[in-house]
Amino acid sequence: MVASRADNSNPARIPALGVRLVALLILSIILMVLDHRQNHLDTVRKAIGAAVYPLQVIVDAPFRLWAWVQEGTTSRNELQLELGRLKAERLLTNARLQRMTALEAENARLRDLLDARTQVRDEARVAEIMAVDANPYRHSIVLDIGQGEGAYDGQAIVDAAGVIGQIIEAGVATSQAMLISDPSHSLPVEVNRSGLRTIANGTGDFGRLDLPFITNNADIRPGDLLVTSGLGGTFPAGYPVAIVETVVRIPQEPFADVTARPAALLDQVREVMLIWKEEQPGEQELPDE
Amino acid sequence: MSSGSGRLPVIVTIILAIMLTVMPLPGWAEPFRPDWVALTLIYWAMMLPRTWSVGTAWIIGIVIDVAQGTILGQHALALCFIVFVTVRFHLLMRVFPMQQLTATVFAILTLYQFILFWINGVAGIEVALVNYWGPVITGTLFWPVVMTLLSGVRMRVQHSR
């Protein structure tokens, strides 16, 4: 193997290598402690993140280009088919929306009767998932909306079918979000049918959530829809989360073994919606004690 | 390498490695993504240790930590350490035959993943074990390819001067 002349001229040890190593190791450890324990380094992260952004855009570019080429080259026939499908879908959605308007009015009336504050509708905006892989140890995604467009830490993310996750780090032009399937993610949910409140934990598997705190005699069965309860304050209430898949009741154990399948296809979506919450829902009023 | 002209190709290979690291893969392949950045840095630290050493490794590590949202300093520390080991033994590694060199790279990559594993453990982040072993195995398998490609880059740089 031929070594470069400049490098091989003096085969002695690289000067001060050990000293530099020790200095850098100590610096790393200080950084890690500051970052992990106190989150002091958000601004540093954002500054470096802005520098990394062009790289992410470059990685993302071929995927965007491919999508664009695909769009441009679909045949007229396919387009017409899709148009027909979309028209049918729109009709269906419109019909449902009409009922929704009536229901919303009814809901507001009933809430008035109950003397509860009316629920303000949440504002939403579409974000695209960049074709960039984030943290290898987590289920996370990178979105093309950052603080510049008003994204904030803890913001809820949904798609057409249900909840996807929440933003954990809003950068300047991009933000990182944790999916509900991440093993360290928990989400307050309620069973739509019975109103039973519980917590849904991620498992590290895109297709499964765990519900560890359901007692053996609780009213829950496979097929039940879980929706966000809005209790944690992060997610607005009423968005579908998952569908209960299995309920195994073990007589001698205090809790049943319940798993659910996320309503959203966590590993297949490309476009998601960010939700801006305007006001806490009325349910949060505590009774006087 | 005192002249600045030789640095650009190296920087380009490192940027390419970072891009391969953040490129999306299908879910099943995710744990088996080779550690492109570690492989690239091992090569340059072995061949040009005076220019590409622990300082470079630390900066690249910080960039990776930010790009991937891992604890700031985690990859920096791990890369720094393995590059130190590589620089320490670079003269030996240069004369190793390919099999022996590949075995050494396997050991270095294992050390790298062990440091990451250890930091995750201290920070209380749970990760499936395959996420540690996958990159070590595929990284070792890809080492001869990476080495051939980077040797090509190095030869071209030196011939053009």
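The values are calculated or read from the model by the stated rules, or taken from the named source; none is laboratory data. Note that the structure is a prediction, hence the values are computed from the model and not measured. With ideal geometry, Cβ positions are generated from the backbone for all residues, glycine too; neighbour counts draw on all protein chains shown.
The figures follow:
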read-out: Residue match in the range B:10-26 (condition: of a type in the set (Gly, Ala, Ser) and either facing chain A (nearest Cβ under 9 Å) or over 19 Å from residue B:142 (Cβ atoms) (or both)); value: no
read-out: Residue among A:59, A:52 that alone is surrounded by 10 or more Cβ atoms within 10 Å (Cβ to Cβ), in contact (Cβ under 8 Å) with a residue 60 or more places away in the chain, at the interface with another protein chain (Cβ under 10 Å from one of its Cβ atoms) and of a type in the set (A, V, I, L, M, F, W, C); value: A:59
read-out: Of all residues in the range B:145-161 being of a type in the set (Lys, Arg) and assigned to a helix (DSSP H, G or I), the one that is nearest to residue A:135 (Cα to Cα); value: B:154
read-out: Members of the range A:237-253 found to be within 20 Å of the chain's Cα centre (by Cα), among the aliphatic types (A, V, I, L, M) and in a loop (DSSP other than H, G, I, E, B), listed by number; value: A:237
read-out: In the range B:27-53, the residues that are closer than 15 Å to residue B:135 by Cβ and more than 9 Å from chain A (Cβ to nearest Cβ); value: B:28, B:29, B:32, B:34, B:35, B:36, B:37, B:38, B:39, B:40, B:41, B:42
read-out: Residues of the range B:20-49 that turn out to be surrounded by fewer than 20 Cβ atoms within 10 Å (Cβ to Cβ) and over 13 Å from the mean Cα position of the chain (by Cα), as a count; value: 10
read-out: Test: residue in the range B:133-149 that is more than 17 Å from residue B:36 (Cα to Cα) and either surrounded by 14 or more Cβ atoms within 10 Å (Cβ to Cβ) or within 15 Å of the chain's Cα centre (by Cα) (or both); value: no
read-out: Residue among A:168, A:129 that is within 14 Å of the chain's Cα centre (by Cα), in a strand (DSSP E or B) and either more than 10 Å from chain B (Cβ to nearest Cβ) or modelled with pLDDT of 85 or more (or both); value: A:168
read-out: Neighbours by Cβ (under 7 Å, 6+ apart or cross-chain): first from the range B:59-78, within 7 Å of chain A (Cβ to nearest Cβ) and free of Cβ contacts under 8 Å to residues at least 40 places away in the same chain; second polar (S, T, N, Q) and part of a helix (DSSP H, G or I); value: B:73/A:28; B:76/A:28
read-out: Test: residue B:17 is within 17 Å of residue B:150 (Cα to Cα), within 14 Å of the chain's Cα centre (by Cα) and of a type in the set (Gly, Ala, Ser); value: yes
read-out: The range B:105-133 - residue that is touching a helix residue (DSSP H, G or I) at 6+ places or on another chain (Cβ under 6 Å) and not hydrophobic (A, V, I, L, M, F, W, C) and, of those, nearest to residue B:54 (Cα to Cα); value: B:112
read-out: The range B:79-100, residues that are buried (at least 20 other Cβ atoms within 10 Å of the Cβ) and within 20 Å of residue B:142 (Cα to Cα); value: B:79, B:82, B:83, B:86, B:90, B:93
